[in-house]
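Here's the structure we're looking at; comments come further down.
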Amino acid sequence: MRMSYRVELFDPARHRDQLLGLWAGNMRNQRIASVAEQRYKWLYEHNPSGAARTCVIAHVESGEIVVAVYPPLPLAGQIV
């Protein structure tokens, strides 16, 4: 069975909670994982250079984000 993934630009309204969960679940250092919310706010809300541009890769069937990539990929909007 082949799994399909969708590459799309990060949308805070749709992806915020999943991205925070991905970060918290994948940080080996719990001290860093505990500041995921502050990291998010700096990258997307208070960054002096503007909000970070990010792509997320989501499993098509479940919608679950499996990877976040900085800077965004040229594949945004495609299913791979």
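The values are calculated or read from the model by the stated rules, or taken from the named source; none is laboratory data. Keep in mind the model is a prediction, meaning the values are calculated, not measured. Cβ: placed from backbone, ideal geometry, glycine included. Neighbour counts: every protein chain shown.
Points worth noting:
- A single entry from 68, 13, 76 fulfils the requirement of being at pLDDT 85 or above and in contact with a Leu (Cβ under 7 Å, 6 or more places away or on another chain): 68.
- Filtered residues of region 9-34 (kept if out of contact with any strand residue (DSSP E or B) (no Cβ under 6 Å at 6 or more places or on another chain), surrounded by 14 or more Cβ atoms within 10 Å (Cβ to Cβ) and not in a helix (DSSP H, G or I)): 27
- Residues in region 46-61 that are of a type outside the set (A, V, I, L, M) and buried (at least 16 other Cβ atoms within 10 Å of the Cβ) were compared, and the one that is nearest to residue 2 (Cα to Cα) is 55.
- Residues located in region 7-59, provided they are under 14 Å from the mean Cα position of the chain (by Cα), farther than 16 Å from residue 71 by Cα and of a type in the set (Gly, Ala, Ser): 13, 21, 24, 25, 36, 58
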